[in-house]
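Take a look at the structure below.
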Amino acid sequence: MYETTIGVDGMMCDMCEIHIQDKIRKDFDVKKVKANRNKKQAVVISESPLDEQAVKASIEETGYEFTGFASKPYKKKGLFH
């Protein structure tokens, strides 16, 4: 599993966050995605690593600005994992 943080500038409201989340879900096989306009980012959990250039192209198709990309191994948090 991987956790990818994508920098996204231009989100102004809840609908902007939903737009980014829907686009990522549509274009990539992800387990979870959460966009946050205040942090100017979307955090994605996926089984396999995401391709940075593909993510950049996907975000830019929406009209928002791609500002960064960082991926790291993800381990589920919790008492039983």
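Summary table below
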item: In the stretch 1-23, residue nearest to residue 65 (Cα to Cα) [restricted to those that are among the β-branched types (Val, Ile, Thr) and buried (at least 17 other Cβ atoms within 10 Å of the Cβ)]; result: 8
item: Pair list, Cβ under 9 Å, 6 or more apart: the stretch 8-20 residue in contact (Cβ under 8 Å) with a residue 12 or more places away in the chain, other residue exposed (fewer than 15 other Cβ atoms within 10 Å of the Cβ) and in a helix (DSSP H, G or I); result: none
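Quick note: the coordinates plus some simple rules give every number you see, no bench work behind them. Nothing here was measured: the structure is a model prediction, and the numbers come from that model. Positions of Cβ are generated from backbone atoms using ideal geometry, with glycine treated the same way; all protein chains shown enter the neighbour counts.
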